[in-house]
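What follows draws every value from the coordinates through simple rules; no lab data is involved. Note that the structure is a prediction, hence the values are computed from the model and not measured. So basically every Cβ, Gly included, is an ideal-geometry build from the backbone, and we count neighbours across all protein chains shown.
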């Protein structure tokens, strides 16, 4: 990782200054990029907060793993996920955001001035911090799954389902999210397989009923995915194991064009947990109708605090809210 941007004199961000101990102090620090982080940066920069952004381990967030984004407003012909994030980054930089490579490895939110350590070596203090580190979709860990990610393997039916209109797809999972995504896909796809590891679903009775009453959904109970099949570019099928580890174990293949993961997300919040309240899954808890966390001057936006919608446009909206909350917080301290 190139750390030159972290150690070089900061000529772009006029809001930064050196502490007596040599560490850097900024007015507004944004941790994480993606739609939430970049939108927060745009609004914070336009409010003259001179934001510094530490991009994190995946600059641009989850959308950089998506080839085509068809549901973000303003792109009537769709847009490549990387191109969309590049546009947002340019817009944030246009207003003066100092965007840097780096990974936040430690924080100290115990005082009125917040301390953040980047890449284990550089300390930045900030009057306000916006957390927009997102969440990571859970995958099965198959080599073929990674090979076809973006070529038929997806962790978001709402994002990518449109591309499989009239085709056959599979959804892995047994909870409410899997049931919801399966019924969503059933409205546009010819056939939807639900691959369920056990002999029952964990989804609520209401969601199970919706699945059972949808004629083009077939639930494959007691099935595990062994391999995702493809032609080298896109998904063409999946090899499944039925009743694995029993005397009745057998293999079968299904022909599909899309393979959707619905086995949950992991919020990227571990580094903040000593100070920031999270729910049992790790999503940051914010105060009602705001982006305020339990620590004054620390705000959260995007998928790291949203376990319901998890869309690029809702993340962007919450990034706007976080910047506005930050602006008002800092104004109240003057």
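Key figures
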read-out	value
Estimated inter-spin distance, residue 209 and residue 48, nm [label 7 Å along Cα→Cβ]	5.8
Mean shadow area of the chain, taken as a quarter of the surface of its Cα convex hull (nm²)	18.7
Value of [θ]222 nm, deg cm²/dmol, for the chain, DSSP H segments ≥ 4, -39500 (n - 2.57) each, nearest 500	-7000 deg cm²/dmol
Inter-label distance, nm, simple model (7 Å from Cα along the C-beta direction), residue 244/residue 270	2.3
Projected area, mean over directions - the range 139-261, Cα convex hull, nm²	7.0
Difference of contour (0.36 nm per residue) and Cα-Cα distance, residue 110 to residue 287	61.8 nm
Degrees, to the nearest 10: 176-186 long Cα axis against longest axis of the chain	60
Burial ranking of peptide ranges 136-143, 292-299 (average Cβ count within 10 Å, highest at the top)	292-299, 136-143
Simple label model, 7 Å out from Cα along Cβ direction - residue 190 to residue 331, nm	5.7
Antiparallel content of DSSP bridges confined to the chain, in %, to 5	50
Distribution of pairwise C-alpha distances over the range 50-113, 10 Å bins, in %	19, 38, 30, 10, 3
Cα-based equivalent ellipsoid of the range 123-162: semi-axis lengths in Å, sorted from largest, via gyration tensor	33, 15, 8
